[in-house]
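Engineer: Here it is, the structure, as structure tokens.
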Amino acid sequence: MTLTELPRRTGGPAGSLSSVVDMDAAIGFVVAHGDTVDRARLSWLRTGAAPQPDALTSAEVGQAPDGGWPAFWAGDVASVDATCFRLAELDDLGALDRPPARKALDWLAARQRADGSWEEDETLAAEAPDWARPGDPEATYYLTANAGYWLSVADTDGAGDPGHRAAAQRAAHYLAAQMRPDGTWPSYLLAGWLAAATLYRQTMFYESARMQVVLNDRLATMAPGDVAQLAAALRRAGLADDDWLLTNARRRLASTQRSDGGWDSDAGDAFEVHVVLAAIRACR
């Protein structure tokens, strides 16, 4: 499929977002298996209800003085990957405008390298997993897509911090420059949808569309957790509800939802609630 052949939708009208999957079952799964923060995230995603202070405290705990959050493998050193994960939780609580999130975004912007990319601190080289290892090109691309994504989506309607906006634009240009002629990217699968979302948010629509074609071609073989994260990220970046890629992703989620309302996670049972919350964000 070429870009000129991209359909707006495939397979007929998309219908309402919540009609594709069993939302009641998904909600019940989070209620049954989630913790205080997970249930607060669910409430905000469903109704916009402000979280209780204890949920915000739990989500923000452990922030390093410089603004980042350490990963479980990083000791006391703040991690780009872990900080982006915390920002995802805070986003689901409607808390990106709170001081801890703003401080984390400041830290991300300050950590950006001159070429627009991000790497983890060099002192973490021995402990970092493959996807975050300093000096590894695949890890660099993934971390750049992740950090660029959060700096992009936190800039609501261009009213955010100018420094954050400039960092996000530099990240987008770095990501586009690394893209191959066939629309693929030199990194992990999840880096693809984070990069596509970042490019879309930075109005680099043609470059984003090239990546979206590749992602659509891979949907049928993606794990359900990946599909949920892909759809949630692209919706958060501003893709229309009836976008052809999101329509296909929702169909894939509907076909893989379990009878208990959840979806399988390649990262293990402990991450299934995060997958369900991503699916709810994608389908609400």
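Engineer: Test Ala55 against the criterion of being of a type in the set (A, V, I, L, M), part of a helix (DSSP H, G or I) and within 18 Å of Val153 (Cβ to Cβ), and give yes or no.
Structural biologist: Criteria not met by Ala55.
Engineer: Restricting to the stretch 234-259, give me the number of residues that are open to solvent by 10 Å² or more (accessible area, probe 1.4 Å), in a helix (DSSP H, G or I) and in contact (Cβ under 8 Å) with a residue 60 or more places away in the chain.
Structural biologist: Residues flagged as open to solvent by 10 Å² or more (accessible area, probe 1.4 Å), in a helix (DSSP H, G or I) and in contact (Cβ under 8 Å) with a residue 60 or more places away in the chain within the stretch 234-259 amount to 5.
Engineer: For the stretch 260-273, name all the residues that are in contact (Cβ under 8 Å) with a residue 40 or more places away in the chain and in a helix (DSSP H, G or I). Break it down into steps so the answer makes sense when it comes.
Structural biologist: Here is the first cut: in the stretch 260-273, the ones in contact (Cβ under 8 Å) with a residue 40 or more places away in the chain are 260-262, 264-267, 271-273.
Correct list: Phe271, Glu272, Val273.
Engineer: Here is a list: Arg281, Arg250. Which entry is under 9 Å from Val21 (Cβ atoms) and of a type in the set (Lys, Arg)?
Structural biologist: The conditions single out Arg250.
Engineer: Here's a check for you: in the stretch 97-139, which residue that is acidic (Asp, Glu) and part of a helix (DSSP H, G or I) is nearest to Ala167 (Cα to Cα)?
Structural biologist: Step by step, filter the stretch 97-139, then rank; the result is Asp106.
Engineer: Which one is nearest to Phe271 (Cα to Cα) among residues in the stretch 195-233 that are part of a loop (DSSP other than H, G, I, E, B) and either touching a His at 6+ places or on another chain (Cβ under 9 Å) or of a type in the set (D, E, K, R) (or both)?
Structural biologist: The selected residue is Gln202.
Engineer: Could you tell me whether Gly160 is closer than 25 Å to Gly67 by Cα, in a loop (DSSP other than H, G, I, E, B) and open to solvent by 50 Å² or more (accessible area, probe 1.4 Å)?
Structural biologist: On the way: closer than 25 Å to Gly67 by Cα: yes; in a loop (DSSP other than H, G, I, E, B): yes; open to solvent by 50 Å² or more (accessible area, probe 1.4 Å): no.
The answer is no for Gly160.
Engineer: Could you pull out the residue among Val61, Val30 that is within 19 Å of His274 (Cβ to Cβ), β-branched (Val, Ile, Thr) and touching a helix residue (DSSP H, G or I) at 6+ places or on another chain (Cβ under 6 Å)?
Structural biologist: Result of the check over Val61, Val30: Val30.
Engineer: I've got another one for you. Given Tyr188, Tyr174, Tyr141, which one is of a type in the set (Phe, Trp, Tyr), at pLDDT 95 or above and in contact with a Leu (Cβ under 8 Å, 6 or more places away or on another chain)?
Structural biologist: Tyr141 is the lone residue from the list that is of a type in the set (Phe, Trp, Tyr), at pLDDT 95 or above and in contact with a Leu (Cβ under 8 Å, 6 or more places away or on another chain).
Engineer: Which ones in the stretch 196-233 are more than 26 Å from Val21 (Cα to Cα) and either open to solvent by less than 20 Å² (accessible area, probe 1.4 Å) or among the basic types (Lys, Arg) (or both)?
Structural biologist: Answer for the stretch 196-233, where residues must be more than 26 Å from Val21 (Cα to Cα) and either open to solvent by less than 20 Å² (accessible area, probe 1.4 Å) or among the basic types (Lys, Arg) (or both): Thr198, Leu199, Arg201, Ser208, Arg210.
Engineer: Out of the stretch 107-153, which residues are charged (D, E, K, R) and buried (at least 17 other Cβ atoms within 10 Å of the Cβ)? Working first, answer last.
Structural biologist: Filtering the stretch 107-153 down to residues charged (D, E, K, R) leaves 111, 113, 115, 119-122, 127, 130, 133, 136, 138.
Hits for the stretch 107-153 are Arg111, Glu119, Glu120, Arg133, Asp136.
Engineer: Kindly evaluate Thr83 against the criterion of being polar (S, T, N, Q), surrounded by fewer than 19 Cβ atoms within 10 Å (Cβ to Cβ) and closer than 25 Å to Leu151 by Cβ.
Structural biologist: no
The values are calculated or read from the model by the stated rules, or taken from the named source; none is laboratory data. This structure is a prediction, so every number in the text was calculated from the model and none was measured. Quick reminder, even Gly has a Cβ in these numbers, built from the backbone with ideal geometry, and neighbours come from all protein chains shown. We work out accessible area using only protein heavy atoms, side chains counted, and drop any ligands, DNA or RNA first. Shrake-Rupley method; radii C 1.70, N 1.55, O 1.52, S 1.80 Å.
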